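Since the structure comes first, as structure tokens, the remarks are kept for the end.
Bear in mind that the values in this text are calculations on the coordinates, not laboratory data. Given the structure is predicted, the values throughout are model-derived calculations rather than measurements. All Cβ positions, glycine included, derive from the backbone under ideal geometry; neighbour counts span all protein chains shown.
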Amino acid sequence: MARYVITGTGTDIGKTVLSAGLCGFLGYDYWKPLQTGVAGNLPNAAIGKAQHPLPDTDADVITRLAAVRSYPETWALTQPLSPHRAAELDGISIDPDRIDPPADDALIIEGAGGVLAPVTRQVLFADLFARWQIPVILAAGTGLGTISYSLTALESLRARGVPVHGVAFIGEDNPDNIATIGQIGRVRVLGRLPILPTLTRDSLQAAMAQGFDKGDFA
Ligand SMILES: Nc1ncnc2c1ncn2[C@@H]1O[C@H](COP(=O)(O)OP(=O)(O)OP(=O)(O)O)[C@@H](O)[C@H]1O
Ligand SMILES: C[C@H](N)[C@H](N)CCCCCC(=O)O
Ligand SMILES: [Mg+2]
């Protein structure tokens, strides 16, 4: 059992779907400390729930795609923006010291956005990961551009002394891009999750079993 942080080369790369896959594959719990883009810290009445059905949080997606336990977000902010800005617009002051991983030794922790997304204007996610010293899995694409995105993310993490467990790829097969990132990045290639035409618990777990090896995780 272990704890892993899932970060990415950017937002929308597939961290949540990968997290759901890993939680189901390994039987781990899930935590998204900072969620933006949902009706969060404002009372639902203030939002007018009837007019604005709440969009899914990442934890909602995890529940749908993996039958695992999710811990509550430390902050759930209304605007679909970078946490530092979403917090300002909600009149919330994020205290990075309050973002403390649960004492659960079978846990997937998802960041927000990419490696250097701001938690506040002074603290980036990579700084938080450095405080935690929990091994990080980088979610990366497989297409054109992913080599630089991935090597840049790895360099940002290593410059802060963040332990890197490996890279998990999301996208269509691209053997040379994947091998090149592993070689130049001196990083473990954990596997690849293709883009699934239908995203269900079963289709996700079938893809995880095909694309990953449990032996690469504690
Ligand atoms: N392997 C996949 N197969 C099919 N759809 C996928 C896959 N991975 C991601 N998606 C879709 O791509 C979109 C972005 O994925 P996801 O929400 O996991 O990104 P993210 O990196 O977690 O984003 P955020 O930075 O907002 O947390 C979603 O609509 C998701 O359903
Ligand atoms: C709203 C989005 N889906 C994510 N939750 C947060 C993305 C943060 C991006 C920060 C940046 O511009 O790099
Ligand atoms: Mg996500």
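With charges set only on the Cβ (+1 for Lys and Arg, -1 for Asp and Glu), what does the dipole of the range 162-218 come to about its Cα centre, in debye to the nearest 20?
Roughly 200 debye for the range 162-218.
Need one number: nm distance between label points at residue 100 and residue 60, each 7 Å from Cα along Cα→Cβ, rounded to one decimal.
In this crude label model, residue 100 to residue 60 measures out at 3.0 nm.
Find how much the distance from residue 218 to residue 195 grows on full extension, using 0.36 nm per residue of separation minus their present alpha carbon separation; answer in nm with one decimal.
Once the chain is fully extended between residue 218 and residue 195, it gains 5.7 nm.
Compute the long axis of helix 201-211 from its Cα atoms, compare it with the longest principal axis of the Cα atoms of the chain, and write down the angle in degrees, 0 to 90, nearest 10.
30
For the chain, go through all pairs of different Cα atoms, get the mean of 1/r, take its inverse, and jot down that Kirkwood value in Å.
17.6
Along Cα→Cβ, 7 Å out, is where each label goes; now give me the distance between the ones at residue 130 and residue 172 in nm to one decimal.
In this crude label model, residue 130 to residue 172 measures out at 3.9 nm.
Got a sec to turn the phi values of the range 20-27 into Karplus ³J(HN,Hα) couplings, 6.51 cos²θ - 1.76 cosθ + 1.60 with θ = phi - 60°, whole Hz, x for Gly and Pro?
Along the range 20-27, the couplings run 4, x, 5, 4, x, 5, 9, x Hz.
With +1 on each Lys and Arg Cβ and -1 on each Asp and Glu Cβ, how big is the dipole of the range 3-213 about its Cα centre, in debye rounded to the nearest 20?
200
Please give the calculated 222 nm ellipticity per residue for the chain, where each DSSP H segment of at least 4 residues contributes -39500 (n - 2.57) and the sum is spread over every residue; nearest 500 deg cm²/dmol?
Computed mean residue ellipticity for the chain: -9500 deg cm²/dmol.
Which FRET efficiency value, to the nearest 0.05, is calculated for residue 155 and residue 12 with the Förster distance at 22 angstrom and r the Cβ-Cβ distance?
That gives a FRET efficiency of 0.55.
Say the dipole of the chain comes from +1 at the beta carbon of Lys and Arg and -1 at that of Asp and Glu; which of 184, 196, 92 then lies farthest toward its positive end?
184
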